[in-house]
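J.: What follows is a single structure, and I will ask about it in a moment.
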Amino acid sequence: MSKAPSHSAVAIASGAHQRGATETSVSRSGADPATVPGATSWTASGPTVWTTEARDALSDAFSTTLQRGVHGLCFSPYLEGQQPGSQIDEAQIRERLRILQPHTRWVRSFSCTDGHEQTPRVAHELGLKTLVGAWLGTDAEINERELQGVIEVARAGHADIVAVGNEVLLREDMSEDELLGCIQRVRDALPGVPVGYVDAYYLFEKHPRITAACDVVMTNCYPFWEGCPREQALAYMQTMVQRTRAAAPGKRVLISETGWPDEGSPFHGSVPSREGAMQYFVDCCRWAEEDGIEIFYFSAFDEAWKVGAEGDVGAFWGLWDKNGAPKFG
């Protein structure tokens, strides 16, 4: 969530390389929490001292939570050396989804081109529900392919929810009117399929016409990218959800992304750590289960390519590493 992303970040966000990306923190690179409407200026707390007993208890809590299963996971199938724009085959998608299958009920995909359009069908074959995204950016030709792709996927019966665009307004890739036209086009094409849009929580306050056009309002909530210390992150994330609900009364609201990195450089008061990532996952899943919140945790796998877009922290948001091995517990 940046007021002035770096030139390299802008180039990536604006081009075809961002197609199929699992999350757009590229545009948050170098963000200043003071530029986010309603955000708090956080002060970093002192380092938490973890005893062996505390670490063991956290590890047990994480393992129990993951084994019990979460509502949803954000899914990208990329392997080492791949990135948005790479062609992805079905076998790779199936292999990666099988890792997640025992641990989630839903998967969220982000694109319907370059092979990603196969993900929803494979997920359904594995018994998973699907939140299917069309990736929209500044390239009209790619946008058309994405819109056609998501409509085809949904008409084939493989989309339980459709997301038309991800953080398009945050990146300023489209005008409100252009995005509204895309959402309405997909809604008209898919009667009976819930259709909505994904963006940072506060943008639903700023764009009430977009909010009104959604059957489902999908909010990305990242305390990390607003410099919030991990110890206060759950409470702060809950306020993000409250603000989204207030902006969308009567609408179905789900958390389309939230997470915490386990490695990388601090961001204001936010400090990546193994324990912090595990605790945030446990806290979020516990709260979501208790309050009946639909949540898609970001993310399933580490993605090495994102270092170029987000800095060193970009590669370490996964519950599994880039090779598909468990990282925690």
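J.: At 1.4 Å probe radius, can you tell me the per residue accessible area of the chain in Å²? Display every interim value, and only then the final one.
T.: On the way: 12590 Å² over 329 residues.
Spelled out: the 1.4 Å probe surface of the chain, per residue, equals 38 Å².
J.: Another question, then. Quickly estimate the mean residue ellipticity at 222 nm for the chain, helices only: each DSSP H run with n ≥ 4 gives -39500 (n - 2.57), and the total goes over all residues, rounded to 500.
T.: Working: 12 runs with 124 residues, N = 329.
It lands at -11000 deg cm²/dmol.
J.: Right, next: State which stretch of the chain is the longest one without any exposed GluC sites (Glu not before Pro), exposure meaning a DSSP loop state and at most 15 other Cβ atoms within 10 Å.
T.: 81-171
J.: Run the quick spin-label model on ASN323 and GLU178: label points 7 Å from Cα toward the beta carbon, then report their separation in nm to one decimal.
T.: 4.2
J.: Is region 146-279 rounded, prolate or oblate when judged by the Cα gyration tensor, a ≥ b ≥ c being the square roots of its eigenvalues, rounded requiring a/c under 1.5 and prolate requiring a/b larger than b/c? List each step's numbers first, then the result.
T.: On the way: a/c = 2.20, a/b = 1.88, b/c = 1.17.
Note, shape of region 146-279 comes out prolate.
J.: Also, I was wondering about something else. Distance between the C-alpha centers of region 141-189 and region 190-225? Whole Å please.
T.: 12
J.: Continuing with this model, one more query. Just reorder THR258, THR239 by solvent-accessible area, largest first, 1.4 Å probe, all chains present.
T.: So the residues, ranked largest to smallest area, are THR239, THR258.
J.: Quick one, which of (1) 32; (2) 42; (3) 27 is the actual percent of Cα pairs over 30 Å apart calculated for this model?
T.: Step by step, percent of Cα pairs over 30 Å apart for this structure corresponds to label (3).
J.: Further, regarding this structure: Pairs LYS129/LYS251; LYS251/LYS327; LYS206/LYS322: which exceed 32 Å Cα-Cα?
T.: LYS251/LYS327; LYS206/LYS322, as the Cα separations exceed 32 Å there.
J.: If R0 is 41 Å, what FRET efficiency do you get for LEU79 and ALA54 from their C-beta distance, rounded to 0.05?
T.: 0.70
J.: For the chain, with all protein chains present and a 1.4 Å probe, just round the carbon and sulfur fraction of the accessible area to a whole percent.
T.: On the way: 6250 of 12590 Å².
Of all accessible area on the chain, carbon and sulfur atoms account for 50 percent.
J.: I'd like the Karplus ³J(HN,Hα) series for region 311-316: coefficients 6.51, -1.76, 1.60, θ = phi - 60°, whole numbers in Hz, and an x wherever there's a Gly or Pro.
T.: x, 4, 5, x, 8, 9
J.: Please give the solvent-accessible surface of CYS285 in Å², to the nearest 10, using a probe radius of 1.4 Å with every protein chain present.
T.: Accessible surface of CYS285 is approximately 20 Å².
J.: Select from THR52, THR119, THR219 the residue whose mean-square fluctuation is largest in a Gaussian network model of the chain (Cα-Cα springs shorter than 10 Å).
T.: Among THR52, THR119, THR219, the largest mean-square fluctuation in the Gaussian network model of the chain belongs to THR52.
J.: Kindly work out what percent of the DSSP beta bridges joining two residues of the chain are antiparallel, to the nearest 5.
T.: 5
J.: Here's another thing I want to ask about it. Using alpha-carbon positions, what is the distance between the centroids of region 66-95 and region 274-329, in Å?
T.: 13
J.: Follow-up question, since we're still on this one. Which one of SER270, TYR201, THR211 has its Cα pushed farthest toward the positive end of the charge dipole of region 190-291, where Lys and Arg give +1 and Asp and Glu give -1 at the Cβ?
T.: Of the candidates, THR211 comes out farthest on the positive side.
The values are calculated or read from the model by the stated rules, or taken from the named source; none is laboratory data. Note that this is a predicted model, so its numbers are computed, not measured. So basically every Cβ, Gly included, is an ideal-geometry build from the backbone, and we count neighbours across all protein chains shown. Just so you know, the surface numbers come from the protein's heavy atoms only, side chains and all, with ligands and any DNA or RNA stripped out. Shrake-Rupley method; radii C 1.70, N 1.55, O 1.52, S 1.80 Å.
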